[in-house]
Amino acid sequence: MVMKYHIWTIGCQMNQADSWRAAEELDSLGWESTARPEDADLVLLNTCVVRQSAEDKACGRLGSLKPLKRHRPQAAIVVMGCLVSEDTLALERSFPFVDLFLRPSDVEGFIGFAAERWRTGPSSSPDAAQDAPVCAYVPVMEGCNNHCTYCIVRLRRGREQSRPIDDIVQEVHCLVQRGAREVTLLGQNVDAYGHDLPGQPNLAGLLRTVHEIDDLWRIRFLTSHPNDMSERIIDAVAELGNVCEHIELPVQAGHDFTLKRMGRGYTVDQYRRLLSRIRERVPGAAVATDVIVGFPGETRDHFQATYDLLAQERFDVVHVAAYSPRPGTPAARLEDDVTSPEKERRRRLVEELQRQVSSEINHRLLGSATEVLVEEKHKGRWKGRSRGNKLVFFDYDGDWRGRLAQVEITRAGPWSLLGKVIAPHPA
Ligand code: SF4
């Protein structure tokens, strides 16, 4: 009998990468994936609590699984991710039907549980491994040594732990052999890669090493912290042909008062100078950022400063979120004095501004040729990304998955581009 598993994932790319690894492992043990939890022998919920809304979603999903255990008591439910802290007592009381709670990224613990519970060993041959995604995530480190006062991630994932370069290179080699053509090196604070390893390798060195891998056409990395974004990293992006001109550099706020209360460790001026340094050294670089609106104590003037920063610096992408206090964080002890309607007003203003800015930036690409790495077919059209991480769609015969295409942009919206193939890219 083929055992079935169902994996539900929310949150960051790290969670996506962990869930993909868990599925990979189960596939190699002869398990089969199912989209319906009610048909699964094993259910994994990979959770996120970076915002209250994410935590509510995870708990809601978990609660909806209670009937499953009533109907199929032999099925197992495992919860992993940032919902799970060191002390799981409260969770065990709230969700007594869960078989196992696992800390973030504990894929080994999950596979060990499955192998133990069903005494399943490798049944399918290792070379039956599935195709890798064209664009694969590769976690290179976990945890964070920064002290952002609003952040629960560092409380859940602990201090920075980097993977040895050889492990990472081997994993990338394996992914490329199985069809990956782009990798994104992942870490909560990826710029600090390696400082905890013997010999203190660094992200710039890792990029240069991974860059030597044949048939790997593109490399990205995220998420950066302004205090750890070094000249060496910027030089690597500028000099290495396969490292995409795309940087995720969260600013979080545009006023020093708020940055100080957030514990970000830099000023607006320092951030702006770093950004112009990146744009000078890497012309045309696509820069994405994150902002939190409605942080405790953020006045309308403070918010206006954030709004003005976004309007002036014109980022390619802005991920905006309304502040929600996270349990156990220093910021949760501050009075949450910005009302929900006001937080929502500020969030919408940023969204509207960014829709305008992204639209103007993308319209400048009309008529230009853009290199697109094609990932899959989506609603009948080929879908891929530019080096600047812009979503591009096109119609064309043939199988384009995993290929590069030169696409002339014919239509531009704030979030995606449409085009026509002018030539298959000479791979
Ligand atoms: S840099 Fe700050 S927000 Fe990001 S994971 Fe570290 S502590 Fe959290």
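Just a few scattered comments:
- For the range 259-340, alpha-carbon Rg and Dmax in angstrom: 14.3, 42
- The Cα center of the range 214-250 and the Cα center of the range 357-396 differ in position by 21 Å.
- Principal axis extents of the C-alpha atoms in the range 4-118 (largest first, rounded to whole Å): 36, 32, 24.
- Relative to its residue count, the range 135-363 spans a Cα convex hull of 127 Å³ per residue.
- Å³ per residue enclosed by the Cα convex hull of the range 369-424: 70
- Share, in percent, of DSSP beta bridges within the range 135-363 that are antiparallel, nearest 5: 10
- Lysine-lysine proximity count for the chain, Cα under 19 Å, sequence distance 8 or more or distinct chains: 9
- Only DSSP H runs of four or more residues enter the estimate; each adds -39500 (n - 2.57), and after division by the residues of the chain the mean residue ellipticity at 222 nm equals -10500 deg cm²/dmol.
- Within the chain, DSSP assigns beta bridges of which about 35% are antiparallel (rounded to the nearest 5).
- Kirkwood radius, the chain, all distinct C-alpha pairs, inverse of mean reciprocal distance: 23.1 Å.
- 1.4 Å probe accessible area per residue over the range 369-424, in Å²: 49
- Probe 1.4 Å, accessible area per residue of the range 246-361, Å²: 44
- Per residue, the range 33-158 exposes an accessible area of 46 Å² to a 1.4 Å probe, with every protein chain left in place.
- In the chain, the portion of solvent-accessible area held by carbon and sulfur atoms comes to 49 percent [1.4 Å probe, whole percent, DNA, RNA and ligands not counted].
The values are calculated or read from the model by the stated rules, or taken from the named source; none is laboratory data. A quick note: this is a predicted structure, and the numbers were derived from the prediction, not measured. Protein only, heavy atoms only, side chains kept; ligands, DNA and RNA dropped before computing areas. Shrake-Rupley method; radii C 1.70, N 1.55, O 1.52, S 1.80 Å.
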